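The next block holds one structure in the form of structure tokens; read it before the comments.
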Amino acid sequence: MIRVIIVDDEFPTRQELSSFLLNIRDVEIVAECSLGQEALDFLHKGSADLIFLDIEMPQINGIEIAKIIKSTVQNPPYIIFATGFDQFAVKAFELNAFDYILKPYSQERILASIMRFRNLKKQLSNNKAPSENLKFPIWHNEKMLLLNAETEISLIKSDQQHILVYSEKGIFEINTPLKELERKLSGHGFLRTHKCFIVNINKVKEIIPWFNDTFILTLENCSHKDIPVSRHYLQDFKKFINL
């Protein structure tokens, strides 16, 4: 389970965030606090994995609370700033915030943040060294590139007679069938979401509800927009992300 603390001085906002989090089955809300000091008191006695922290609060603001957490809590939770103001983003990431979410919240944005944390937690538990990651060979300009599949590839797409690999080093055409790629990438964070798409789940930035209870995905650092999750692959997708 992912143990979560919610800190916000506005009760309706805490309720809304709580309702979103309770829809994610591997999340447990261990504390809801109206003031930062309440969260500090909890963390000096208990523990949490994540803290959703408002910034504009009475007595001590969220930025100061984050500094205190990092300097006084033995195993501090990862901090997600949840605020209605974007001007604090630089300060937040100077504190190595895990995420920065602007109000009003959405279920999809909250889920995307939880997914990122879930993937981080999995990587830390596996304690993988970079050399253990899957190397993905691509021939390009008469030489072979070795891409790190888990960190450098976002998407693989079947485009009529072509297979396109969307990566941080560019878009490459390969000849390997999508079915074979699906088998090769199994267990490395990739999932078939459509007959034409294989997605690196670690790169998912947003999950947008679509018609017939399906979804559209957007990916980090990927030029291809609006990747579908078709009904045929919907149950596998929900199971994979614990939705």
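The values are calculated or read from the model by the stated rules, or taken from the named source; none is laboratory data. These numbers come from a predicted model, not from an experiment. Every residue, glycine as well, gets a Cβ built from its backbone with ideal geometry; the counts of neighbours run over all protein chains shown. SASA here: full protein model, heavy atoms, side chains in, ligands and nucleic acids out. Shrake-Rupley method; radii C 1.70, N 1.55, O 1.52, S 1.80 Å.
Which ones in segment 116-134 are surrounded by 13 or more Cβ atoms within 10 Å (Cβ to Cβ) and either over 24 Å from residue 238 (Cβ atoms) or modelled with pLDDT of 90 or more (or both)?
117, 133, 134
For a quick check of your reading of the model, give me the residue pairs whose first member lies in segment 156-184 and is farther than 23 Å from residue 218 by Cβ, whose second is open to solvent by less than 40 Å² (accessible area, probe 1.4 Å) and part of a helix (DSSP H, G or I), with beta-carbon atoms closer than 9 Å and at least 6 apart or on different chains.
174/181; 184/149
Within segment 47-77, work out how many residues are open to solvent by 30 Å² or more (accessible area, probe 1.4 Å), without any contact (Cβ under 8 Å) to a residue 60 or more places away in the chain and either in contact with a strand residue (DSSP E or B) (Cβ under 7 Å, 6 or more places away or on another chain) or hydroxyl-bearing (Ser, Thr, Tyr) (or both). If you could, list the steps in order and put the result at the bottom.
Residues of segment 47-77 open to solvent by 30 Å² or more (accessible area, probe 1.4 Å): 47, 49, 56, 58-61, 64, 67-68, 70-72, 74-76.
Then keep just the ones that are without any contact (Cβ under 8 Å) to a residue 60 or more places away in the chain; that gives 47, 56, 58-61, 64, 67-68, 70-72, 74-76.
Remaining after also requiring either in contact with a strand residue (DSSP E or B) (Cβ under 7 Å, 6 or more places away or on another chain) or hydroxyl-bearing (Ser, Thr, Tyr) (or both): 47, 56, 71-72.
Within segment 47-77, residues that are open to solvent by 30 Å² or more (accessible area, probe 1.4 Å), without any contact (Cβ under 8 Å) to a residue 60 or more places away in the chain and either in contact with a strand residue (DSSP E or B) (Cβ under 7 Å, 6 or more places away or on another chain) or hydroxyl-bearing (Ser, Thr, Tyr) (or both) number 4.
Quick one: which of 98, 88, 81 is surrounded by 17 or more Cβ atoms within 10 Å (Cβ to Cβ), farther than 23 Å from residue 219 by Cα and hydrophobic (A, V, I, L, M, F, W, C)? If you could, list the steps in order and put the result at the bottom.
Working: 98 fails: farther than 23 Å from residue 219 by Cα; 81 fails: farther than 23 Å from residue 219 by Cα.
It is 88.
Are any residues in segment 213-237 of a type in the set (Asp, Glu) and either free of Cβ contacts under 8 Å to residues at least 60 places away in the same chain or within 13 Å of residue 194 (Cβ to Cβ) (or both), and if so, which ones?
Step one: filter segment 213-237 for residues of a type in the set (Asp, Glu), giving 213, 220, 226, 236.
If the condition is that a residue be of a type in the set (Asp, Glu) and either free of Cβ contacts under 8 Å to residues at least 60 places away in the same chain or within 13 Å of residue 194 (Cβ to Cβ) (or both), then 213, 226, 236 are the ones that fit.
Somewhere in segment 144-160, is a residue of a type in the set (S, T, N, Q), over 26 Å from residue 99 (Cβ atoms) and modelled with pLDDT of 90 or more?
Just the residues of segment 144-160 that are of a type in the set (S, T, N, Q), to begin with: 148, 151, 154, 158, 160.
Still in the running and over 26 Å from residue 99 (Cβ atoms): 158, 160.
Still in the running and modelled with pLDDT of 90 or more: 158.
So far as segment 144-160 goes, yes, one or more of its residues are of a type in the set (S, T, N, Q), over 26 Å from residue 99 (Cβ atoms) and modelled with pLDDT of 90 or more.
Output the number of residues of segment 6-20 satisfying the condition of being under 13 Å from residue 31 (Cα atoms) and in contact (Cβ under 8 Å) with a residue 24 or more places away in the chain.
Adding up the residues that qualify gives 4.
Going residue by residue through segment 72-80, is there one that turns out to be modelled with pLDDT of 90 or more, farther than 23 Å from residue 18 by Cα and part of a helix (DSSP H, G or I)?
Yes, that holds for at least one residue.
Could you please find all residues in segment 195-222 being touching a helix residue (DSSP H, G or I) at 6+ places or on another chain (Cβ under 8 Å) and either in a strand (DSSP E or B) or aliphatic (A, V, I, L, M) (or both)? If you could, list the steps in order and put the result at the bottom.
Taking segment 195-222 as the starting set, the residues that turn out to be touching a helix residue (DSSP H, G or I) at 6+ places or on another chain (Cβ under 8 Å) are 195-196, 198, 200-202, 204-209, 212-215, 219-222.
198, 200, 201, 204, 205, 206, 207, 208, 209, 215, 219, listed by residue number.
Within segment 30-82, how many residues turn out to be among the acidic types (Asp, Glu) and over 23 Å from the mean Cα position of the chain (by Cα)? Show your work before the answer.
Of segment 30-82, the ones among the acidic types (Asp, Glu) are 32, 38, 41, 49, 54, 56, 64.
Narrowing the set further to residues that are over 23 Å from the mean Cα position of the chain (by Cα) leaves 38, 41, 56, 64.
Of the residues in that region, 4 qualify.
Does residue 221 meet the test of being under 21 Å from residue 134 (Cβ atoms) and open to solvent by less than 80 Å² (accessible area, probe 1.4 Å)? Walk me through it before giving the result.
Values: under 21 Å from residue 134 (Cβ atoms): yes; open to solvent by less than 80 Å² (accessible area, probe 1.4 Å): no.
No, not satisfied.
Quickly run through segment 219-243 and pick out the residues that are within 24 Å of residue 26 (Cβ to Cβ) and within 15 Å of the chain's Cα centre (by Cα).
Answer for segment 219-243, where residues must be within 24 Å of residue 26 (Cβ to Cβ) and within 15 Å of the chain's Cα centre (by Cα): 219, 220, 237, 238, 240, 241, 242, 243.
What's the total number of residues in segment 164-191 that are touching a helix residue (DSSP H, G or I) at 6+ places or on another chain (Cβ under 7 Å) and open to solvent by 20 Å² or more (accessible area, probe 1.4 Å)?
4
May I ask you to list the residues in segment 90-108 that are in contact with a helix residue (DSSP H, G or I) (Cβ under 9 Å, 6 or more places away or on another chain) and either in a strand (DSSP E or B) or of a type in the set (D, E, K, R) (or both)?
Our first condition is that a residue be in contact with a helix residue (DSSP H, G or I) (Cβ under 9 Å, 6 or more places away or on another chain); within segment 90-108, this holds for 91-92, 95-107.
The answer is 91, 99, 100, 101, 102, 103.
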